[in-house]
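The values are calculated or read from the model by the stated rules, or taken from the named source; none is laboratory data. Just so it is clear, the model here is predicted, and its values are computed rather than measured. Don't worry about glycine lacking a Cβ; one is built from the backbone with ideal geometry, like all the others, and counts go over all protein chains shown.
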Amino acid sequence: MDARFLGIAELAETPSVAVVVDVMRAFTVAAWAFARGAEKIVLAGSPDEALALKDRHPDWVALKDGPPAPGFDTVNSPGRLRSLDLGGRTVVQKTTAGTVGALAVRDASLVLCAGFVVAEATARVLRERGCAGVTFVVTGEDGRAEEDLACAQYIAHRAGGALADAAAYLRRAAESRAAFELTTGVREGVHPDDVELCLELDRFPFAMVATEEDSLMVLRPYTPVPPAGGAAD
């Protein structure tokens, strides 16, 4: 598999297949939202768009980065989200990097959103669909976020069928700038368990596929076909 690793600003053209990676915390939060019963996640382009969607659909759950804000139901924190009952609900998510990256590749034929918690399922989708070339969008820090790059490289190795030492990739993420900022209180809207939850490898069995629905970019869970016999690759 031919893998490219690019920041959002480096996307000169729309890739055919894109894996948008935001470990800390957008797509860890998204995975937890699905685990808590959410039906779908609408990726908003701005806080104003998120609030407008919430205004039109009062039953939707709106979340954003940073501290709590008027109009939003919660913040972009897996530690906080895991206690919510989202059964059958629609979530509107706006974050600084993850949702921006997904919207930047909305015209790709396949868009997957990923973090470590759905790494193997994401790699399995790429194998299942025989993707020869994949662009990994490293969303954080203008493409330099170590936790996102480590996760992207790990998924790329697994998608290519190679064994990979997950501990080494997780260690890079644990030592990243984002992990430091989350654990030391530099960022707001943080739960003490956020970093630990972001580093839970393959916590969930599904991948997350984003498609355009009624002019909105919508994320839904997708469980890939297990390997023959149900054994791990």
| field | Residue satisfying all of: in the range 100-110; among the small types (Gly, Ala, Ser) and out of contact with any helix residue (DSSP H, G or I) (no Cβ under 6 Å at 6 or more places or on another chain); surrounded by the fewest Cβ atoms within 10 Å (Cβ to Cβ) among these | value | Ser109
| Restricted to the range 70-83, and to residues that are without any contact (Cβ under 8 Å) to a residue 60 or more places away in the chain and closer than 13 Å to Thr95 by Cβ, which residue is surrounded by the fewest Cβ atoms within 10 Å (Cβ to Cβ)? | Thr74
| query | Hey, among Ala178, Ala166, which residue is more than 15 Å from Ser77 (Cβ to Cβ), under 19 Å from the mean Cα position of the chain (by Cα) and among the small types (Gly, Ala, Ser)? | reply | Ala166
| Number of the condition not met by Val218 [criteria: (1) touching a strand residue (DSSP E or B) at 6+ places or on another chain (Cβ under 6 Å); (2) over 20 Å from Phe34 (Cα atoms); (3) surrounded by fewer than 23 Cβ atoms within 10 Å (Cβ to Cβ)] | (2)
| said: If I go through the range 13-29 residue by residue, how many of them are surrounded by 24 or more Cβ atoms within 10 Å (Cβ to Cβ) and among the polar types (S, T, N, Q)? | reply: 1
| remark: Filtering the range 185-210 down to residues that are within 17 Å of the chain's Cα centre (by Cα) and free of Cβ contacts under 8 Å to residues at least 40 places away in the same chain yields Glu196
| task | Report yes if Ala97 is surrounded by 23 or more Cβ atoms within 10 Å (Cβ to Cβ) and out of contact with any Phe, Trp or Tyr (no Cβ under 7 Å at 6 or more places or on another chain), otherwise no. | result | yes
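Do we have Arg144 as free of Cβ contacts under 8 Å to residues at least 40 places away in the same chain, farther than 14 Å from Thr28 by Cα and not aromatic (Phe, Trp, Tyr) here?
Details: free of Cβ contacts under 8 Å to residues at least 40 places away in the same chain: no; farther than 14 Å from Thr28 by Cα: yes; not aromatic (Phe, Trp, Tyr): yes.
Taking the combined requirement at face value, the residue does not satisfy it.
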| For the range 4-46, how many residues are farther than 20 Å from Tyr154 by Cβ and either modelled with pLDDT under 95 or assigned to a loop (DSSP other than H, G, I, E, B) (or both)? | 12
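A quick yes/no check of all residues on (1) crowded, with 22+ Cβ neighbours inside 10 Å; (2) free of Cβ contacts under 8 Å to residues at least 40 places away in the same chain; (3) over 20 Å from Phe206 (Cβ atoms):
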position	(1), (2), (3)
Leu112	yes, no, no
Ala162	no, yes, yes
Ala167	no, yes, yes
Ala174	no, yes, yes
Ala179	no, no, yes
Thr183	no, yes, yes
| query | For the range 127-233, which fully contained helices (runs of 4 or more DSSP H) count at least 2 residues that are under 18 Å from Thr95 (Cβ atoms)? | reply | 146-159, 177-183, 194-198
